[in-house]
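Worksheet for the structure shown next.
The values are calculated or read from the model by the stated rules, or taken from the named source; none is laboratory data. Remember, predicted model here, so these are calculated numbers, not experimental data. With ideal geometry, Cβ positions are generated from the backbone for all residues, glycine too; neighbour counts draw on all protein chains shown. SASA here: full protein model, heavy atoms, side chains in, ligands and nucleic acids out. Shrake-Rupley method; radii C 1.70, N 1.55, O 1.52, S 1.80 Å.
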Amino acid sequence: MAGNDWINSYLEAILDVGPGLEDKKSSLLLRERGRFSPTRYFVEEVITGFDETDLHRSWVRAQATRSPQERNTRLENMCWRIWNLARQKKQLEGEQAQWMAKRRQEREKGRREAVADMSEDLSEGEKGDMVSDMPSHGESTKGRLPRISSVETMEAWVNQQKGKKLYIVLISLHGLIRGENMELGRDSDTGGQVKYVVELARALGSMPGVYRVDLLTRQVSSPEVDWSYGEPTEMLPPRSTEGMMTEMGESSGAYIIRIPFGPREKYIPKEQLWPYIPEFVDGALNHIIQMSKVLGEQIGNGYPVWPVAIHGHYADAGDSAALLSGALNVPMLFTGHSLGRDKLDQLLRQGRLSKDEINSTYKIMRRIEAEELTLDASEIVITSTRQEIDEQWRLYDGFDPILERKLRARIKRNVSCYGRFMPRMAVIPPGMEFHHIVPHEGDMDGETEGTEDGKAPDPPIWTEIMRFFSNPRKPMILALARPDPKKNLTTLVKAFGECRPLRELANLMLIMGNRDNIDEMSSTNSSVLLSILKMIDKYDLYGQVAYPKHHKQADVPDIYRLAAKTKGVFINPAFIEPFGLTLIEAAAYGLPMVATKNGGPVDIHRVLDNGLLVDPHDQQAIADALLKLVADKHLWAKCRANGLKNIHLFSWPEHCKTYLSRIASCKPRQPRWLRTDDDDDENSETDSPSDSLRDIHDISLNLRFSLDGEKNDNKENADNTLDPEVRKSKLENAVLSWSKGVLKSTPKAWSSDKGDQNSGAGKFPAIRRRRHIFVIAVDCDTSSGLSESVRKIFEAVEKERAEGSIGFILASSFNISEVQSFLVSEGMKPTDFDAYICNSGGDLYYSSFHSEQNPFVVDLYYHSHIEYRWGGEGLRKTLVRWAASIIDKKGENEDHIVVEDEDNSADYCYTFKVCKLGTVPPAKELRKLMRIQALRCHAVYCQNGSRINVIPVLASRSQALR
């Protein structure tokens with residue numbers, strides 16, 4: 001390098017883009033003024049959007065280096081990093097554009113095919129766009145936020161709930177969850193979601209018509225966390241007794257139930273919980289079954305009281321809720337809180353990790369698939385804002401706003417949807433507790449120093465804050481956010497520092513979390529904080545900006561009160577705010593707001609009408625909005641009054657009433673043995689919830705071993721990865737080894753005296769008499785391989801089998817006819833097995849001693865669990881069309897690779913033959929195509945890849961075992 005002037009210009013431009021930017025004009029205007037910097041323009045246009053924290057820190061280290069040679073080396077390395085960032089950004093933009101174009105084509109094609117299929121039974125006049133009378137997602141606030149405003153209506157609503165005694169289950173798996181003294185901010189897993197689900201459970205438990213609420217979470221018995229997180233049960237007493245049911249019972253109220261799963265004495269982050277979720281499901285299922293029996297004795301006249309709904313929070317809990325709702329046959333609700341596709345996009349834009357590295361660190365693809373499965377399973381998806389629907393959920397295969405409105409219109413007209421379904425998106429803003437908040441009314445004259453005789457002293461946090469100000473009487477502009485680049489606090493400080501009228505009229509109060517030493521903070525947070533401190537020095541804001549190092553959670557109300565007492569303003573300048581709970585909190589204390597126009601604040605402002613919305617990238621707009629509210633006392637008073645008048649619309653009682661009305665709109669799953677002749681099966685199909693289940697690898701009945709395909713999230717058709725002979729040999733050796741100690745310990749694979757959750761179990765008592773159950777799940781393309789494995793397993797436990805202490809279940813991809821042929825050919829009796837899981841989980845049969853003509857008894861109860869969201873003939877037609885499109889074009893003739901196997905298909909399993917192994921697309925592509933057309937199913941590639949079984953999304957061998 002001949003010299004470093006151009007490199008220095010490069011790096012100075014990087015710093016200028018951030019908090020050190022001095023010029024008010026854009027780069028283009030600088031060009032006109034003769035001071036255009038090409039490197040600065042390059043950085044603004046190319047680098048912006050990436051995380052530049054490391055570059056900034058490297059620059060600081062380079063500046064501190066005394067050796068010119070070492071300094072030059074550092075600067076040269078930074079140049080290469082900048083070039084690499086620019087290259088990555090260009091590549092990402094190209095990949096994103098390709099993905100969006102491909103997605104758009106797939107969506108449009110899927111819509112056309114779905115509409116064409118559904119329009120076959122309509123007249124010409126009905127085939128037009130049927131959604132003109134259907135409101136789109138989030139048009140009017142009144143329609144999207146139905147609230148109960150009048151006293152008469154409230155009383156009528158309460159009277160309607162008096163006869164109900166509902167049992168509701170909430171699930172939130174990760175983080176440290178307890179009812180009091182929440183450690184919010186302890187780590188990234190213990191944040192706003194923890195507080196929300198606890199307060200939701202507490203509020204629901206106080207509502208008329210709700211008898212019991214269980215919040216299921218993980219039990220953590222670890223020395224690194226407080227002992228309270230290891231307590232199995234914790235009651236959540238209500239904050240207020242107003243409106244509570246007068247009739248209370250022994251088990252009524254809200255509770256945190258901690259289920260042990262995963263490492264017993266270790267607290268682990270949510271990214272490491274995925275392998276243990278099925279273990280949680282088993283524990284949760286046992287708790288719900290036992291609690292339903294207890295509630296049945298108290299309020300159900302001896303009949304079990306099942307949950308009216310199961311509500312999962314975040315992707316991991318959504319995955320669990322899907323499995324539980326399928327096993328229990330109850331509706332499922334889901335709240336994402338944050339979504340994987342959005343996080344993946346943000347991480348890619350930072351440019352610090354590749355997609356593979358992101359997936360390895362955050363298990364992001366597993367999370368995204370879990371979110372897709374929750375769309376399969378959920379009756380209702382609850383969001384906080386329109387932004388979640390319009391900009392996040394529409395990125396998923398399982399949800400398309402346009403097709404959803406068409407389906408909703410058909411349901412409204414009682415027209416068949418041919419098995420198609422999309423969950424309903426319901427906007428319900430989070431609730432808050434306001435009964436303890438008393439806004440200041442008579443002391444708004446700016447007096448902040450001292451106290452009169454007889455009055456309580458000022459809170460300690462006031463003294464801590466006011467010591468920063470030379471004139472604490474001025475209105476305080478309050479920002480309450482951690483020092484994260486996304487929170488955009490640097491732009492706020494810059495706007496304040498460069499607007500002299502604003503500095504003269506107001507003070508700035510920055511509550512940026514807790515810290516002891518800046519060097520001990522994360523690199524990103526410390527970089528933001530250092531930038532703010534440098535700007536305070538640059539603009540000489542000493543005596544005008546407060547930035548205390550510490551505050552407690554209990555101090556936050558006092559902080560709001562102080563800002564309101566000085567006739568201040570609350571500001572949230574984040575680039576994107578998913579909801580904005582602090583805006584509602586501030587309004588409750590009488591603070592007008594200035595907030596970002598991106599995300600949830602738009603909905604909040606539409607309801608409260610208590611401030612101004614701004615473009616967070618526009619520094620001047622932020623300064624102008626703040627100055628307008630601070631200077632115009634009439635506007636300030638009007639915004640304050642509007643906020644206080646409308647804040648009750650965000651109270652927990654209002655939230656819960658809307659929430660319960662959504663639950664009431666869910667059509668209960670009604671098993672076929674409870675139906676009357678008047679029930680409309682078609683309407684039941686289009687209005688009931690579904691479930692998302694996977695195959696045996698996703699169940700944790702704590703099986704001792706399983707060699708059935710070794711499937712995982714990153715490999716499709718993994719049945720082909722292990723040679724059949726090797727797999728069979730491993731299975732036999734495992735059985736022989738395990739059988740030696742079979743009588744020494746009680747396996748967890750099956751508990752014969754638990755889980756009798758339906759009346760059908762009593763009809764087949766053989767299973768309940770067993771001490772141990774062997775589940776033989778061998779995927780073979782011929783019955784010969786299966787028979788050899790079965791015989792060796794029988795021989796290994798011959799004595800116990802003869803005594804009757806051991807039973808067997810056969811789980812396979814064969815249908816019942818193929819199973820019967822296999823038994824006959826091998827000279828076995830149907831009673832050699834207690835149960836048969838056939839068609840990859842599409843059917844469940846029991847052996848019977850009482851019927852020689854029909855030794856297999858089908859479990860219709862199981863069918864009632866899996867038939868929801870089963871597309872039936874509409875799904876079959878779409879699958880046949882898909883199979884016809886899979887053609888081998890390499891040969892002279894275009895040969896079909898996949899063909900329908902009608903002979904082996906069943907009511908709940910559509911079977912297809914694979915003519916050329918290794919040429920079919922992966923199962924995830926088939927699931928994606930079906931989801932795009934709003935069809936929900938579970939595709940299983942079996943028999944060493946030679947067969948495809950398509951079964952209900954509720955069905956799997958694991959679910960049949962449950």
Condition test on Gln959, is it within 23 Å of Ser817 (Cα to Cα), surrounded by 23 or more Cβ atoms within 10 Å (Cβ to Cβ) and not aliphatic (A, V, I, L, M)? yes
If you go through the range 386-405, how many residues are buried (at least 24 other Cβ atoms within 10 Å of the Cβ) and modelled with pLDDT under 90? 1
Quick one: which of Gln193, Gln219 is open to solvent by 10 Å² or more (accessible area, probe 1.4 Å), in contact with a strand residue (DSSP E or B) (Cβ under 9 Å, 6 or more places away or on another chain), under 30 Å from Met365 (Cα atoms) and free of Cβ contacts under 8 Å to residues at least 60 places away in the same chain? Gln219
Any idea which of (1) open to solvent by less than 30 Å² (accessible area, probe 1.4 Å); (2) part of a helix (DSSP H, G or I); (3) of a type in the set (Gly, Ala, Ser) is the one Gly543 doesn't satisfy? (2)
When (1) more than 17 Å from Pro331 (Cβ to Cβ); (2) open to solvent by less than 10 Å² (accessible area, probe 1.4 Å); (3) at pLDDT 90 or above are applied to Pro429, the one that fails is (3)
Looking at Ala595, Ala564, Ala574, which is the one that is touching a Pro at 6+ places or on another chain (Cβ under 8 Å) and part of a strand (DSSP E or B)? Ala595
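Restricting attention to the range 406-421, which residues are more than 22 Å from the chain's Cα centre (by Cα) and open to solvent by less than 20 Å² (accessible area, probe 1.4 Å)?
Leu407, Ala409, Arg410, Cys417, Gly419, Arg420, listed by residue number.
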Can you say whether Ala586 is within 21 Å of Asn488 (Cα to Cα), modelled with pLDDT under 95 and aliphatic (A, V, I, L, M), as far as the supplied structure shows? yes
Among the numbered conditions (1) open to solvent by 10 Å² or more (accessible area, probe 1.4 Å); (2) part of a loop (DSSP other than H, G, I, E, B); (3) within 27 Å of Ile277 (Cα to Cα); (4) of a type outside the set (Val, Ile, Thr), tell me where Pro921 comes up short. (3)
With respect to the numbered conditions (1) surrounded by fewer than 16 Cβ atoms within 10 Å (Cβ to Cβ); (2) modelled with pLDDT under 95, which one is the sole condition not fulfilled by Met235? (2)
What pairs come out if I take residues in the range 323-340 that are part of a strand (DSSP E or B) and pair them with residues that are buried (at least 24 other Cβ atoms within 10 Å of the Cβ) and among the small types (Gly, Ala, Ser) whose C-beta lies under 6 Å away, six or more apart or interchain? Met332/Ala321; Met332/Ser325; Met332/Ala377; Met332/Ser378; Leu333/Ala309; Phe334/Gly312; Phe334/Gly318; Phe334/Ser378
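To keep it simple, each residue is scored yes or no on (1) farther than 23 Å from Gln959 by Cα; (2) open to solvent by 40 Å² or more (accessible area, probe 1.4 Å); (3) not hydroxyl-bearing (Ser, Thr, Tyr).
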site	(1), (2), (3)
Ile837	no, no, yes
Asp859	no, no, yes
Trp870	no, no, yes
Thr878	yes, no, no
Ser885	yes, yes, no
Starting from residues that are of a type in the set (A, V, I, L, M) and modelled with pLDDT of 90 or more, keep the ones in the range 898-918 and report whichever is most open to solvent (accessible area, probe 1.4 Å). Val899
Looking only at the range 504-515, count every residue that is within 15 Å of Pro475 (Cα to Cα) and either surrounded by fewer than 20 Cβ atoms within 10 Å (Cβ to Cβ) or among the acidic types (Asp, Glu) (or both) and tell me the total. 2
Sole residue being under 30 Å from Leu85 (Cα atoms), among the β-branched types (Val, Ile, Thr) and not in a loop (DSSP other than H, G, I, E, B), chosen from Ile368, Ile310: Ile368
Name the single residue, out of those in the range 281-294 being buried (at least 21 other Cβ atoms within 10 Å of the Cβ) and at pLDDT 95 or above, that is farthest from Gly175 (Cα to Cα). Met291
What do you reckon, is Phe570 at pLDDT 95 or above, buried (at least 23 other Cβ atoms within 10 Å of the Cβ) and under 20 Å from Gly431 (Cα atoms)? yes
The lone condition Asn77 fails out of (1) at pLDDT below 70; (2) over 30 Å from Pro401 (Cα atoms) is (1)
Within the range 931-962, track down each residue that is under 15 Å from Thr374 (Cα atoms) and out of contact with any Phe, Trp or Tyr (no Cβ under 7 Å at 6 or more places or on another chain). Arg931, Ile932, Leu935, Cys937, His938, Val953
Just checking, how many residues over the range 444-461 are among the hydrophobic types (A, V, I, L, M, F, W, C) and either loosely packed, with under 12 Cβ neighbours inside 10 Å or modelled with pLDDT of 95 or more (or both)? 1
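Taking the stated definitions as given, is Ile411 in contact with an Asp or Glu (Cβ under 8 Å, 6 or more places away or on another chain), β-branched (Val, Ile, Thr) and at pLDDT 90 or above? It would help to see each step written out before you state the result.
Values: in contact with an Asp or Glu (Cβ under 8 Å, 6 or more places away or on another chain): yes; β-branched (Val, Ile, Thr): yes; at pLDDT 90 or above: no.
Against the criterion (in contact with an Asp or Glu (Cβ under 8 Å, 6 or more places away or on another chain), β-branched (Val, Ile, Thr) and at pLDDT 90 or above), Ile411 does not qualify.
Identify all residues within the range 480-496 that are among the small types (Gly, Ala, Ser) and buried (at least 22 other Cβ atoms within 10 Å of the Cβ); write none if there are none. Give the steps one after another, and end with the answer.
Taking the range 480-496 first, the residues among the small types (Gly, Ala, Ser) are 481, 495.
Matches in the range 480-496: Ala495 only.
In the range 190-236, which residues are among the aromatic types (Phe, Trp, Tyr) and closer than 17 Å to Gly431 by Cβ? Let's see the steps before the verdict.
Applying the first criterion (among the aromatic types (Phe, Trp, Tyr)) to the range 190-236 yields 196, 211, 227, 229.
Once the filter is applied, which keeps residues that are among the aromatic types (Phe, Trp, Tyr) and closer than 17 Å to Gly431 by Cβ, the range 190-236 yields only Tyr196.
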